Structure formats: structure tokens, C-alpha cells
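A.B. asks: This is the structure, below, for whatever I ask next.
Any read-out appearing in this document is the output of simple, stated calculations on the displayed coordinates, not a laboratory observation. Owing to the predicted nature of the structure, the values given are computational and were not obtained by experimental measurement. All Cβ positions, even for glycine, are placed from backbone atoms using ideal geometry, and neighbour counts span all protein chains on display.
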Amino acid sequence: MKSFIKLLALLFALTLWSPSATSQAPYLKKNEYNATQLIVNGKPFLMLAGEANNSSGSGIEHMEKTMKALKESNFNSLLVSVSWEIIEQKEGVFDFTSVDELIRIARENDLKLCILWFASWKNGFSPYAPLWVLNDTKRFVRVKDEKGQNTRTLTPLCNATRDADAKAFAALMKHIAMVDKLQNTIIAVQIENEAGVLRQTRDFSAEANKAFVSQVPDELIQYMLKNSEVLEIELKSAWQNNGSKIKGTWNELFGKTDEADMFFMAWNYSKYINAVAEAGKKEYKIPMYVNCWMPQPRPNPGKPGNFPSGGPILSALDVWKAGALSIDFLAPDIYGADFKTQADNFHRNDNLLFIPETNIAEGPACWAFAEEDAICFSPFGIDGRGSSMSREYALLRQLMPLIAQYQGSGRIYGIYKHRGDSSAGRAFTLNKDVNISVIYSRGFMRSPQVTQATGTQNQVSAQFQQSQEPASYGIFIQTGENEFILAGYNLSVSAESTNPGKEVWLKDAWEGVIEDSVWKPKILHNGDEAGFLRSDNPAYGIRAYRSNPSEPAIFKFKTLVYDK
């Protein structure tokens, strides 16, 4: 048995050095329209991803089943944890078996991986640090509460913990470079998970108290001076309300508030995690980011400590930008109903949109990639639930080349009816004479037959009624002055003239597919499918031809403009 395992290991090692593989590590690059994209094997790559449950990465059999199912559901990526407590159970002794297994399974299923480095922090606590770290509270110092008691959270003000974390992370990245640099299975890394202090506003240890009454670092002050016009409103207001000082303590610059405590912790977390990132990038430089537990929406995010105080939330985003220069971007975990707003808030000139955690739901992925130039969409807890994204991801897999081509151009838009959205749809200006109206619609499903069995009619009718409320989503791309692509699900589209002397006819409604980046027309919709039975103005349903129930589809349209 041991010989067989060794043989498998040898065969695995040989695959790592395939001559046909690329040697260029994944990286970020701005396209011609200034949108930042993830480049993998020389091409822009959109991560149609999901995040596995927290402990999944340690279960190899579970991951084999999970990745196989994700491949079958049109995923191309998986976010999965690698924990410090597993790879360094004894200080200085590293075991990367679990990492190698994740890489093997991903390759077998043609999936890319984003590694989640669960080390010093996870959801505001420190459950993934090794026992030898947690057992030594004098060497590896904890956050203290206001009574001076140890909490279950390692403090970011402890250099010994920072250095141990960085050493382990550097060893991990060195190993990944050795086994994966040529094949690019691992394309990004998240450092820690939802860092910050829970249930209190900051660390109240003697060392933290001393730092809190010391001068705010000049690095942060210079950043605020340089970016004063574009600072996020919470930091900007706190600073301006206290006189926009360029020297002073945290309370002197930001007031005697909970937010001052939060900014203080954000600075210390950002510097700690930046040191970890620097150590890792010295071994293997691929995109690295930090995620955050999102508070309640503006203008009332709530008290720091009800969410991890010091994490890279919107209020503290600029503190992190000043303190964590080696972090490529900051990423929101979006679970609230305000998906569009939060996605837009995190998409800044200096911060691309990468969504590592969100609800499992159809629709927002199309919005994120098209409207906000996102590079990743990843619902959390995807184990055994990938089929929920299969339909939308199948559509996006076809559209990936077009999305990458048009991101940032101002000619690609997302369409998504979210919870609480009372709008009818969305309108687009195609040219000076033509507006395009895209309307949310219900999916088509033939009414069920009524049976005579007692109670069956009510059950079937209830199921049918439920089927009438699916998601509506899509992507609109203007490809020419009179041409556009509309891809999506449960939408209808029509054209209106904006010129009193002109009439518009929406024509050439070709449904098709994109295979290997090549458009292949399948069916020309006209007649009844153009809605002439309902109106003399053509209105096309965006759904696969004669599908029951409805399925997403891709259409190319042209508009004809003529004198009245």
C-alpha cells in the first residue's frame, strides 16, 4: 500500500512539471478601459466560484465529492480553507499534505482554487491558531477586555504572533510555488478571515492602551492628507469634526468615540496582516486580499464590536489602504438586502470588486461581473448546494470572453431584480434615436393538469404558484450603434423611439450560444415569439426557445430606424 501511495505521489509530481504548462503566476492587470482583471494563463479569468464551509478543506473525501459536484454545476473555482493548526501542528514542522490533496482534486475537476488562510483570526476570534500558540498566552498575547481578562482573540499588537503567522504563511506560499507555479491551480489567497475584535471596541491590554494614547502614525495622516477629497465619509467626518489635525492621539484626531477605537484597531490589524502578506509574496507573488464581516448599512452601521471592530469595512477602508500596501484589494462579505449598494461601495478606483462570501442566489453574479467589473462571485456554504447556481453559471461561462472584453467600457450593464426591488426593469440608451427597455418577467411554465385526488390540486397549484416567482437577471452589452446582446433569464425586451419623426423596429432577434469564444446563432425569433399577438411593437422574451420551464438564453439584436 505504501509503495502504491508513493507511486501516486511520484505521478502527481511529474504532472507538476508538464512542459506545456505556463510559468507565469496569476496577476492583476488593468484592461484598456481601466478595469482591473485577474489574469490566469495569460487571459482574463472570472471566478464563477463558491466558498466551502469552514472545515471542509480538512476533509479530503468530502472535498472529492464537493468539487466533482461543483464541476457538474458549471463552477470554475472554489474558495477553500487551509488552516495554520493543520499545517504546523508542531512549531517549525510543516505538513502540506492537505494542500497537495486540494490541488490534486481541483485539477481532476478542472477547478481553480482560492486558498483561505485561516490562521490568527476567523470571524473575530482565533480558533484556527495551533495549540502551541494558544497555550502560550505570555508569548502569543491575547486581546484583553476592559477588566484585563484574556479573550479568545489574539491581539494584532503582538509581534511574536505576527512573526509566527508570517513564517507559516511564507512556508505555505513557498510550497505552493514549488508544486503549482507552472499550472496555476491556486490563483488567489485570502489572508485571515473577517479579522477584528468582537464584543468590544478595541484591545484594552496595557500595550494597546499605551499605543492608543500615542501619536497617530504619520503614514496614516499623510494618506488622509493626500486623499482628503475621496476619503470614506465616516473617517473623513471624524477627522474634520475634530479639526483635521495632522498630529495627535487617536482620540485627538478622531474624537472620544467608538469609531476612534475602531480606526485604531484597523490600523493595527492592517499592519499585522500586511507583514504576513509581505512574507508570503517574497515566496510566491499572486493576488492576496482581506475580507470583512459587513455591518448594517449606512448611515447606521452599529457599534464596533457588534461586528469585528478593526476589519476592512467601508468605514475603515481608507485606514487599511494606508496600512496594508501589500494587500491587493479588500473584499466585502455581502449578506444584506443592499447587495447592489455594497458592491458599488467597494468598487473604487483603488479597489476592485471581489465577493468571497454572499447568499446562494441566482442573479447577483450577473450584476457584479457586468455592472461592477467584479473578478469573483462566491456564495458561501456551497457544499452540496452548487446546483442552485448551475443555471446562471452556465450562462456566465459562455459570456466570460465578452464580459472580460467589455468590462470598464461603459457599454456593459447588469440586470438583477433583488429582494424589495419594486422597479419594472431597466432602460438603456442605444443611440440618439433609440431606447431599449428591459422588463423583469415571470418564467414560463405550462399550467399543471388538475388531478381528482383529494388535496392534490391544492398541492400542485401551490407548487405552480411558487414557480411563478423566480429570479430575473441578465447582462446587456452594446456591440454597435444599432446592435446589442442581451443575455439572461426571465426578461423581456422592446425598443422605443426617442425621435418624434422616427419609428423603431427591434429586429434580427437571434438566439444563440457562445462556444470557444465564437458566436453560433441557433434560432431567429419572430412572429408569435416577437409578441405581435400582444402589440404591434415587438417585445421578445429572453428565454431559451420553447423551454419549459424557462431557461436562460443569449440573444443578439439589431434595431431598424425609419421615418414615420
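A.B. asks: Per the Kirkwood definition applied to all pairs of different Cα atoms, how many angstroms is the hydrodynamic radius of the range 269-350? Display every interim value, and only then the final one.
C.D. replies: Numbers: mean 1/r = 0.0743 Å⁻¹.
Averaging 1/r across every pair of different Cα atoms and inverting gives 13.5 Å.
A.B. asks: A follow-up question, please. Summing +1 for each Lys or Arg and -1 for each Asp or Glu, what net charge is found among the other residues whose Cβ lies under 11 Å from the Cβ of Gly311? Each step should come with its number before you reach the end.
C.D. replies: On the way: positive: none; negative: Glu192, Glu194, Asp333.
Net local charge, Gly311 excluded: -3.
A.B. asks: What does the charge count near Lys282 come to, summing +1 for each Lys or Arg and -1 for each Asp or Glu among other residues with Cβ under 13 Å from its Cβ? List each step's numbers first, then the result.
C.D. replies: Values: positive: Lys167, Lys174, Lys281, Lys285; negative: Glu278, Glu283.
Local charge sum for Lys282: +2.
A.B. asks: Distance from the Cα centre of the range 124-175 to that of the range 490-507, in angstrom?
C.D. replies: With the range 124-175 and the range 490-507 each reduced to a Cα centre, they are spaced 62 Å.
A.B. asks: Moving on to the next point. Run the helix sum for the chain: -39,500 (n - 2.57) per DSSP H stretch of 4+ residues, divided by residue count, reported at 222 nm to the nearest 500 deg cm²/dmol. Don't skip to the answer; put the middle values down first.
C.D. replies: Values: 16 runs with 181 residues, N = 564.
-10000 deg cm²/dmol, from helical runs alone.
A.B. asks: Taking the Cα centre of the chain as the origin and placing charges on Cβ (Lys, Arg +1; Asp, Glu -1), which of Pro332, Ala316, Pro130 is farthest toward the positive end of the dipole?
C.D. replies: Going by the Cα projections, it comes out as Pro130.
A.B. asks: While we're looking at this one, here's another question. Which one of Ile439, Val513, Ile360 has its Cα pushed farthest toward the positive end of the charge dipole of the chain, where Lys and Arg give +1 and Asp and Glu give -1 at the Cβ?
C.D. replies: Farthest towards the positive pole: Ile360.
A.B. asks: Taking R0 as 35 Å, what FRET efficiency do you get between Lys147 and Glu61 from their Cβ-Cβ distance, rounded to the nearest 0.05?
C.D. replies: Values: r = 45 Å, r/R0 = 1.28.
After rounding to 0.05, the efficiency reads 0.20.
A.B. asks: Still on this structure, I have one more. I need the phi-derived Karplus couplings for the range 377-393: 6.51 cos²θ - 1.76 cosθ + 1.60, θ = phi - 60°, integer Hz, Gly and Pro marked x.
C.D. replies: Per-residue couplings from phi come out as 10, 8, x, 8, x, 7, 3, x, 10, x, 4, 5, 9, 4, 5, 5, 5 Hz.
A.B. asks: If you take every residue apart from Asp95 with its C-beta less than 12 Å away from the C-beta of Asp95, what net charge results, scoring Lys and Arg +1 and Asp and Glu -1?
C.D. replies: Values: positive: Lys90; negative: Glu85, Glu88, Asp100, Glu101.
Net charge in that neighbourhood comes out at -3.
A.B. asks: A follow-up question, please. How big is the charge dipole of the range 310-363 about its Cα centre, in debye rounded to the nearest 20, if each Lys and Arg gets +1 on its Cβ and each Asp and Glu gets -1 on its Cβ? Could the numbers behind the result be given before it?
C.D. replies: Details: 3 positive and 8 negative charges, 27 e Å.
I would put it at about 140 debye.
A.B. asks: Sticking with this structure for a sec: Please report the projected area of the range 87-236's Cα convex hull averaged over all directions, in nm².
C.D. replies: On the way: hull surface 47.7 nm².
The Cα convex hull of the range 87-236, projected and averaged over all directions, gives 11.9 nm².
A.B. asks: Using a ≥ b ≥ c from the Cα gyration tensor of the range 504-564 (square roots of the eigenvalues), is it rounded, prolate or oblate, where a/c under 1.5 gives rounded and otherwise the larger of a/b and b/c decides, a/b for prolate? Don't skip to the answer; put the middle values down first.
C.D. replies: Values: a/c = 3.18, a/b = 1.39, b/c = 2.29.
Cα axes put the range 504-564 in the oblate bin.
A.B. asks: Hey, if you drop one equal point scatterer on each alpha-carbon of the range 70-141 and run the Debye formula without solvent, what base-10 log of I(q)/I(0) do you get at q = 0.27 Å⁻¹?
C.D. replies: Taken in order of the listed q values, log10 I(q)/I(0) reads -1.18.
A.B. asks: Right, here's the next one. I'd like the antiparallel share, as a percent to the nearest 5, of DSSP beta bridges with both residues in the range 63-145. Don't skip to the end; give the middle numbers.
C.D. replies: Values: 2 of 9 bridges.
Bridges in the range 63-145 that DSSP calls antiparallel: roughly 20 percent.
A.B. asks: Moving to a separate point now. Go through Asn227, Gly92, Trp121 and say which Cα lies farthest out towards the positive end of the charge dipole of the chain; charges sit on Cβ, +1 for Lys and Arg, -1 for Asp and Glu.
C.D. replies: Gly92
A.B. asks: Now for a different question. For the chain, take every pair of Cα atoms, bin their distances at 20 Å starting from 0, and report each bin as a whole percent.
C.D. replies: 20, 47, 28, 5, 0
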